[in-house]
1. Answer with yes or no whether Ala118 is loosely packed, with under 15 Cβ neighbours inside 10 Å, under 16 Å from Ile30 (Cβ atoms) and at pLDDT below 95.
2. Of all residues in region 1-54, count the ones that are acidic (Asp, Glu), within 15 Å of the chain's Cα centre (by Cα) and modelled with pLDDT under 95.
3. Taking the stated definitions as given, is Leu128 within 19 Å of Ser23 (Cβ to Cβ), at pLDDT 90 or above and over 12 Å from the mean Cα position of the chain (by Cα)?
Amino acid sequence: MQKGYAVYTENQIMTASPARLVSMLYEGGIRFLDEAVEAVEAGDFIKANEKIKRVQDIVMELNLSLDMENGGSLAQNLRALYNYIFQQLIQANVKKDTETLKEVRSILSDLNGAWKEAMKSLGNTANLTSDPNKPRFNISI
């Protein structure tokens, strides 16, 4: 079952537009945060650590994908927010703090909602990329 899901997910990633990939990263982060909270509450700190590290990877990928040259203040603000989220994840992992994990989940959920609304207003232009040879995100969700 897991292998089939992995193949399905990989196919989704490989065929997704750049705009959809961002949303998939947000959704993956939210899912892993939910799983991390459940693991902490169950006392499974090894699993919680693994899930939090997956979210850290996602946030790092989102941060590195920002176009700081052309993104202006939006890219700068997102970079600051992603850095804040990353630091919160480190602290939450060390302390196994579910409240901080829930705060980060709320931020990612808000970002995903705003991203989806922005993509709706842009329509098909959201699927365009300036460099067709640019590599896809390097993250497994």
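1. Here the answer is no, as Ala118 does not meet what is asked.
2. Qualifying residue count for the region: 0.
3. Working: within 19 Å of Ser23 (Cβ to Cβ): yes; at pLDDT 90 or above: no; over 12 Å from the mean Cα position of the chain (by Cα): yes.
So Leu128 does not fit the description; no.
The values are calculated or read from the model by the stated rules, or taken from the named source; none is laboratory data. Source: prediction; values computed, not measured. Counting neighbours? That spans all protein chains shown, and the Cβs are built from the backbone with ideal geometry, glycine included.
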